[in-house]
1. Does the stretch 8-79 come out rounded, prolate or oblate, given a ≥ b ≥ c as the square roots of the eigenvalues of its C-alpha gyration tensor, rounded meaning a/c under 1.5 and, failing that, prolate meaning a/b above b/c?
2. In nm, to one decimal, how far is the modelled label at Arg100 from the one at Arg12, with both set 7 Å along Cα→Cβ?
3. Estimate the FRET efficiency between Ala3 and Asp125 by the formula 1/(1 + (r/R0)^6), using the beta-carbon distance for r and 25 Å for R0, to the nearest 0.05.
4. Say the dipole of the chain comes from +1 at the beta carbon of Lys and Arg and -1 at that of Asp and Glu; which of Ser55, Thr87, Ile109 then lies farthest toward its positive end?
5. Only helical DSSP H runs with n ≥ 4 go in: add -39500 (n - 2.57) per run for the chain, normalise by residue count and round the 222 nm mean residue ellipticity to 500 deg cm²/dmol.
6. If you filter the stretch 22-80 for GluC sites (Glu not before Pro), then keep DSSP loop positions with at most 13 other Cβ within 10 Å, what is left?
7. Apply the Karplus curve 6.51 cos²θ - 1.76 cosθ + 1.60, θ = phi - 60°, to the phi angles in the stretch 79-96 and return the couplings in whole Hz, x for Gly and Pro.
8. How about the stretch 5-37: which trypsin sites (Lys or Arg not before Pro) there lie in a loop by DSSP and see at most 15 other Cβ atoms within 10 Å?
Amino acid sequence: MPAEENKALVRRVLAEVRSGWTRAVVEQFFTPDYRRHLTPTGPHLTGEEQRERASRLRAGFPDADATLEDILAEGDRVAYRLTIRGTHRGDFLGIPPTGRRVTVSFFAIVRIAGGKLTEEWGGLDQADLLRQLRAPAEPSPA
């Protein structure tokens, strides 16, 4: 697929997952052998494991919204950057709801084959997200 078609595919995926990471979305947009690489040394996630991971994020931040800031494509790869904003209203990584608004970056590079995502690298800036959740509470105005 040409680069512009690959960018359009990524935009469609991002639009679809706004309403939730369903199995239908995974089947429609991800190859059966999709692999998500979160770290260079850790195990990769399958499409179903990625759906479960994203669903946990949505449960912790039910009002989360992502803004596509940048998208670039070359050959079979698309790189994109999101800014995600949401309120911590559910358990997330063992942290009970804090009610805090957070803003976090998400960077990814995806490889596309046969009109579907087949491989992905990168993700959410989890260290920054955890820093925001664990920061001392701001004092109430007197």
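1. Details: a/c = 1.37, a/b = 1.07, b/c = 1.28.
It comes out rounded by the Cα gyration axes.
2. 3.9
3. Working: r = 26 Å, r/R0 = 1.04.
Plugging the Cβ-Cβ distance into 1/(1 + (r/R0)^6) gives 0.45.
4. Thr87
5. Values: 4 runs with 45 residues, N = 142.
For the chain, the value works out to -9500 deg cm²/dmol.
6. Details: sites: Glu27, Glu48, Glu49, Glu52, Glu69, Glu74; in loops: none.
Here no loop site has a sparse enough neighbourhood.
7. 10, 8, 10, 10, 10, 10, 10, x, 10, 6, 10, x, 4, 8, 6, x, 9, x
8. Numbers: sites: Lys7, Arg11, Arg12, Arg18, Arg23, Arg35, Arg36; in loops: Arg18.
Passing sites in the stretch 5-37 are Arg18.
The values are calculated or read from the model by the stated rules, or taken from the named source; none is laboratory data. The shown structure was predicted, so the numbers you read here are calculated from the model rather than taken from an experiment. Neighbour counts are summed over all protein chains in view; Cβ atoms, including those assigned to glycine, are modelled from backbone coordinates with ideal geometry. For the accessible areas, the whole protein counts, side chains as well, though only heavy atoms, and no ligand, DNA or RNA atoms are used. Shrake-Rupley method; radii C 1.70, N 1.55, O 1.52, S 1.80 Å.
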